[in-house]
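For reference, the structure is listed below as structure tokens.
The values are calculated or read from the model by the stated rules, or taken from the named source; none is laboratory data. Quick caveat: nothing in here was measured; it's all calculated off a predicted structure. Reconstructed Cβ throughout: ideal geometry from the backbone, glycine too, with neighbour counts over all protein chains shown.
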Amino acid sequence: TQLLEQSPQFLSIQEGENLTVYCNSSSVFSSLQWYRQEPGEGPVLLVTVVTGGEVKKLKRLTFQFGDARKDSSLHITAAQPGDTGLYLCAAPNQAGTALIFGKGTTLSVSS
Amino acid sequence: NAGVMQNPRHLVRRRGQEARLRCSPMKGHSHVYWYRQLPEEGLKFMVYLQKENIIDESGMPKERFSAEFPKEGPSILRIQQVVRGDSAAYFCASSPLGETQYFGPGTRLLVL
């Protein structure tokens, strides 16, 4: 069974702090995606990583795909209240017909 | 280019009634996926459809749930004889060629 484990489950920090959230699995994935979901809305795609060891930057967000393509991390520099939300990692199932999601990390950034 | 549209955004049903959830994919997208999100749980895949075809329904409950994506019109997720345990947020996603999925805002179903 393919599973994605995200940690931490909850994270509450002050504005300006840095943070890292993790997405781990025992399975190898062809790609991995990070989504951000706000209350009452659907997930919004942030990035797709495909190559082992790949690093992608999106303003203050840095995404890394593990060398073995089993894990990924999301690092946020100088967090802002607008970063508050649920961060989900997802990967295609073996058949390529659906996404498997982790349970997410709920981030709260206070000013 | 409008995003994925879902309606209604909120739906209240009494036990035993039927719920119909609609999803209009992004323009040019022929692949539709339905997911369910329960509190404290991640999104769980339900069904994957292309126009007039169900490709993968491995995540659909065996009874009371059905989905379709007709040649014309939106995709419909239908839940018959709803029970309280069906209360959840239901999300639709679409993709152009089975690649990156773009999600709609969801329908929040509450069964009383």
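Just a few scattered comments:
- Applying the set (1) assigned to a strand (DSSP E or B); (2) under 30 Å from B:P8 (Cβ atoms) to A:Y22 leaves exactly one unmet item: (2).
- When B:I76 is tested against (1) more than 14 Å from every other protein chain (Cβ to nearest Cβ); (2) surrounded by 20 or more Cβ atoms within 10 Å (Cβ to Cβ); (3) part of a strand (DSSP E or B), exactly one condition is not met: (2).
- Of residues in region B:79-88 being assigned to a loop (DSSP other than H, G, I, E, B) and exposed (fewer than 15 other Cβ atoms within 10 Å of the Cβ), the one farthest from the other protein chains (Cβ to nearest Cβ): B:Q81
- Odd one out for A:A91 among (1) in contact (Cβ under 8 Å) with a residue 12 or more places away in the chain; (2) small (G, A, S); (3) assigned to a loop (DSSP other than H, G, I, E, B); (4) within 14 Å of chain B (Cβ to nearest Cβ): (3)
- From A:T97, A:T62, A:T51, residue being modelled with pLDDT under 95 and more than 12 Å from chain B (Cβ to nearest Cβ): A:T51
- Scanning region B:9-32 for residues that are exposed (fewer than 15 other Cβ atoms within 10 Å of the Cβ) and within 12 Å of another protein chain (Cβ to nearest Cβ) gives B:R9, B:H10.
- Unmet criterion (only one of (1) over 16 Å from B:N7 (Cα atoms); (2) of a type outside the set (D, E, K, R); (3) touching a His at 6+ places or on another chain (Cβ under 6 Å)) for B:S94: (1)
- The set of residues in region A:46-58 being touching a residue at least 12 places away in the same chain (Cβ under 8 Å) and surrounded by fewer than 16 Cβ atoms within 10 Å (Cβ to Cβ) consists of A:V50, A:T51, A:G52, A:G53, A:L58.
- Residue identified as under 24 Å from A:Q37 (Cβ atoms), touching an Asp or Glu at 6+ places or on another chain (Cβ under 9 Å), within 12 Å of chain A (Cβ to nearest Cβ) and surrounded by 13 or more Cβ atoms within 10 Å (Cβ to Cβ) among B:Y35, B:Y48: B:Y48
- Filter pass, B:A89 being out of contact with any helix residue (DSSP H, G or I) (no Cβ under 9 Å at 6 or more places or on another chain) and closer than 24 Å to A:F101 by Cα: yes
- Among residues of region A:10-34, those that are of a type in the set (S, T, N, Q), more than 19 Å from A:L46 (Cα to Cα) and surrounded by fewer than 17 Cβ atoms within 10 Å (Cβ to Cβ), counted: 4
- Residue tally, condition within 9 Å of chain A (Cβ to nearest Cβ) and either assigned to a loop (DSSP other than H, G, I, E, B) or crowded, with 18+ Cβ neighbours inside 10 Å (or both), over region B:51-73: 2
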